[in-house]
Amino acid sequence: MGTAIVLAGNPNSGKTTLFNELTGGRQHVGNYPGVTVEKKQGIYESESGKFDIIDLPGTYSLTAYSLEEVVARDFLVNENPLMIINIVDASNLERNLYLTVQFMEMGVPVCIALNMMDVAKKRGIEIDIDKLSKLLKVSVVPTIARSGKGKKELMQTVAEKAHQPVEPLMISYGRDIDTALDKMTAIIQSTGFLTDHYIPRWTALKYLENDQQVIERGYKEDMAVALRLDRMVQEATCHIAATLDAHPEGIIADQRYGYVNSVLKQGVIRFYQDENRLMVSDKIDRIVTNRFIGPVIMLAVLMGLYQFTFTYSTIPVTWLESIFGWISGMAEHVLPDGMLKSLMISGIIDGVGGVLGFVPLIMFMFLGISFLEDTGYIARMSFMLDRVFRMFGLHGSSVMAFIVSGGIAGGCAVPGVMATRTLKSPKERLATLLTVPFMNCGAKLPVFALLTAAFFSEKKALVMVLITMISWIGALLVAWGLRSTIIRGESTPFVMELPPYRLPTLKGLLIHTLERTWQYVKKAGTVILCISIVLWAMMTFPQLNQTQAQKFEEKRADILLAVPVQVLNEINTPGGKKMTAKAVFVKERLLRLDLEQAQAALKNSIAGRIGIAVEGVTRFAGFDWRTNIALIGGFAAKEVVVSTLGIAYSLGEVDPEETTSLSDKLKTEDGWGPLTAFSLMLFTIFYSPCFVTVVCIAKETGSWQWGAFSVVFNTTLALTLSIIFYQVGKVVIA
Ligand code: BGO
């Protein structure tokens, strides 16, 4: 082992200042061998000993991308210094510790000089130094290099720890990388490959990071082993690209940051304002996080957020509906009957209306959430609920997304998915956003209302409670299942420290809200419009062929030919004087014919054909082709289930708010009963989210695979549950 102590750290962390403080006038400047990078050397001498101090070039990482990084790394490997004094900027811990972790992975002894403590204090950052030291298992000494404060303690610690053996840090990089790392490390160890220079796991890690310097050195050292390692890296890279759609290098960097983050989140950092504010916060917390009153306050706050999002946003939603209603009316009036008119109204205008219709909801929800976030209340809520949610692999903050999505029946999964942005851990966020669609959004309610009115009119309240409980239990169990299988991984340690309460500024709230809302419009808008048009086409094409259409025309002609001209005039002058009984009768026959034609057209469409094709499976859950078409329509928006059922049962488009005629009809239909109705409710809770939610899931996760997953997984789950329920129910009733 050499005798030098090196100073290493990020640029601007205060290395030069500390170097000057330690060495005073006893320093000289040269170059590192073969390169023009400046090398400063000096001597520190005190009662704790005499040390050579070398100032390494400032770097953020230890890859081989820049000359500075290569120089720093080579120096550590070739000169084998006694110890690294790693200067860490206390006001920017996360970024600085990223480098620290890499030193520790190299297995070189590290002592942290936690510099800029004055700056951190000014910024309201308080650091638990003992905890940081304990978690990282390295000595940490606070310093203010500018004033020389802490330098003596630092050098005493260095003298004490310099000769102690160190264990290299081993971070888990996730199953795929860890498996490759272990296999490669074993080969490196058994062949002694580059072991004179690096520790085996570090070499393997650098191979996976595609580090050209180490790879070139490897070829010179032993071509056979180097090629074997190359192959293993290629295999791992392909596997990771296929399974995680990422490069090993990216995952390694993410996991390192994840490690640093988890250390910091275990109570190492605390932000505070000033003593007075802290005391006020403590007093408020005594009530707000109280074991008994806390949950009541939380429920009230959640109800308040829910009310705020869904009550006040109805005003702009109504405006938007009126505007789009007016535009539709204009198109209806101006455009000639035909395909273009149908596309304009049902595809484009409804599609744009659909995108913008969510904007007020999202805006109001984010305004509410930003307010709770900025005041500091969300941290309290997460703190109180974390233990419960953690059991299911979620996070305390998941609760808001569930509530907004319809945890209290009547929300909406689109803002719910967006609300998961408050979750910092990617795995818990993913599990939350995949399960929030199980909540009972406002669009599912007309379906429940229709079926309850038809088959459980005596037990409306009980059915609603049951449905709410099933959706919560289902969502939590699925989250647990996902977190134990495909989204497996440690839960993020929860930040137990709670920031002080603050009064948010209006400007801050508005900026947050507008930014997040704009992201929804920008990211999801165009895709939603396209899918809206595709769904319209699925429900419209292919149209009835000429012979089929002709048949309806002939029937219409038969009716009209059989009535006197006077009655025809009565029918054709709407708003005229009261119609005679004969005219009313004829008009009803014509209307019934229209409805039959609409039913035939729907049955003939792509959606209709799919509905008929899957009947072979869905009848085990009690659903015939008509229900199937309605459920396909529900992919556009869940309330469409009701209106499409209306068309499928020749009642025309049923208004989801007014379903008496449809519920009366279902009561008398063959194949319908309480069992089928509840099976359909179960299916409605769990099956594919509407496509707007699917687009949001894809955009928020950054992967269409997760969007597709939510469609396939949820529908399979829903069908399985409904079939089990229906079949068991049939046996029990029999
Ligand atoms: C300037 N506390 C404070 N407050 N500042 C510090 C500390 C500390 O503990 N340690 C260092 N600084 P370098 P690298 C400057 O140069 O040692 C300051 O890259 C200025 N310059 O004084 O150079 C230090 O070697 C004009 O600040 O870092 C320096 O790692 C106005 O952090 C800066 C204000 O230190 C970087 C500061 C013309």
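The values are calculated or read from the model by the stated rules, or taken from the named source; none is laboratory data. Keep in mind the model is a prediction, meaning the values are calculated, not measured. Cβ coordinates were reconstructed from backbone atoms using ideal geometry, including for glycine residues, and neighbour counts include every protein chain displayed. What goes into the accessible areas is simple: the full protein's heavy atoms, side chains included, and nothing from ligands, DNA or RNA. Shrake-Rupley method; radii C 1.70, N 1.55, O 1.52, S 1.80 Å.
A few points about this structure:
- Averaging 1/r across all pairs of distinct Cα atoms in the stretch 4-161 and inverting the result yields a Kirkwood radius of 15.6 Å.
- Here's the list of aspartates and glutamates a cross-link from Lys638 could span, going by alpha-carbon distance under 16 Å and ignoring same-chain residues fewer than 8 apart: Asp350, Glu653, Asp655, Glu657, Glu658.
- Taking every protein chain into account, the 1.4 Å probe leaves Leu343 with about 50 Å² of accessible area, to the nearest ten.
- FRET E, pair Asn572, Val534, Förster distance 30 Å, beta-carbon r, rounded to 0.05: 0.20
- Two-decimal ratio, the stretch 175-271, of alpha-carbon radius of gyration to 2.2 N^0.38 Å: 1.22
- Heavy-atom accessible surface of Leu430, to the nearest 10 Å², is about 30 Å², with a 1.4 Å probe and all protein chains retained.
- Dipole-positive endmost among Thr517, Ser382, Leu154 within the chain (Cβ charges, Cα centre): Ser382
- Modelled this way, with points 7 Å down the Cα-to-C-beta line, the labels at Ala224 and Lys283 are 7.8 nm from one another.
- Compactness of the chain - radius of gyration and Dmax, Cα, Å: 33.8, 121
- Share of carbon and sulfur in the accessible heavy-atom surface of the chain [1.4 Å probe, %]: 60
- Label positions at Gln705 and Ala246, each projected 7 Å from the Cα along the C-beta direction, are separated by 1.1 nm.
- Helical segments meeting 27 Å axial Cα length and Kyte-Doolittle -0.5 threshold in the chain (DSSP H): 223-244, 314-334, 460-484, 506-540, 581-604, 704-733
- Estimated dipole of the chain in Debye, rounded to 20 [Cβ of Lys and Arg +1, of Asp and Glu -1, Cα centre]: 1260
- Shown is the FRET efficiency for Val563 and Asp594, computed with R0 = 22 Å from the Cβ-Cβ distance and rounded to the nearest 0.05: 0.85.
- Electrostatic bookkeeping for Thr17 treats Lys and Arg as +1 and Asp and Glu as -1; over the other residues with beta carbon under 14 Å from its beta carbon, the sum is +1.
- Solvent-accessible surface of protein heavy atoms, probed at 1.4 angstrom with all chains present, puts Trp480, Trp326, Trp202 in the order Trp326, Trp480, Trp202, largest first.
- Antiparallel DSSP beta bridges within the chain, as percent of all bridges there, nearest 5: 45
- Over the chain, dividing the summed -39,500 (n - 2.57) contributions of all DSSP H runs of at least 4 residues by the number of residues returns a 222 nm mean residue ellipticity of -20000 deg cm²/dmol.
- Relative contact order for the stretch 4-161, counting Cα pairs under 8 Å that sit 6 or more residues apart, in percent: 24
- Heavy-atom accessible area with a 1.4 Å probe sorts Phe392, Phe448, Phe271, largest first, into Phe271, Phe392, Phe448.
- Pairs beyond 20 Å (Cα-Cα), from Lys15/Lys149; Lys131/Lys152; Lys427/Lys507; Lys134/Lys427: Lys131/Lys152; Lys427/Lys507; Lys134/Lys427
- About the centre of its Cα atoms, the stretch 175-271 shows a dipole size close to 360 debye [charges on the beta carbon of Lys, Arg (+1) and Asp, Glu (-1) only; nearest 20 debye].
- Rounded to the nearest 0.05, the FRET efficiency derived from the C-beta distance between Trp472 and Asn290 at R0 = 22 Å is 0.35.
- Protein-only accessible surface order, largest first, of Ile240, Ile612 at 1.4 Å: Ile612, Ile240
- Cα-projected label distance for Glu553 with His239, points at 7 Å along beta-carbon direction, nm: 6.6
- Accessible solvent surface per residue of the chain, calculated while the other protein chains remain in place, 1.4 angstrom probe, Å²: 48
- Cβ-defined net charge surrounding Asp670, 13 Å radius [Lys, Arg +1; Asp, Glu -1]: +2
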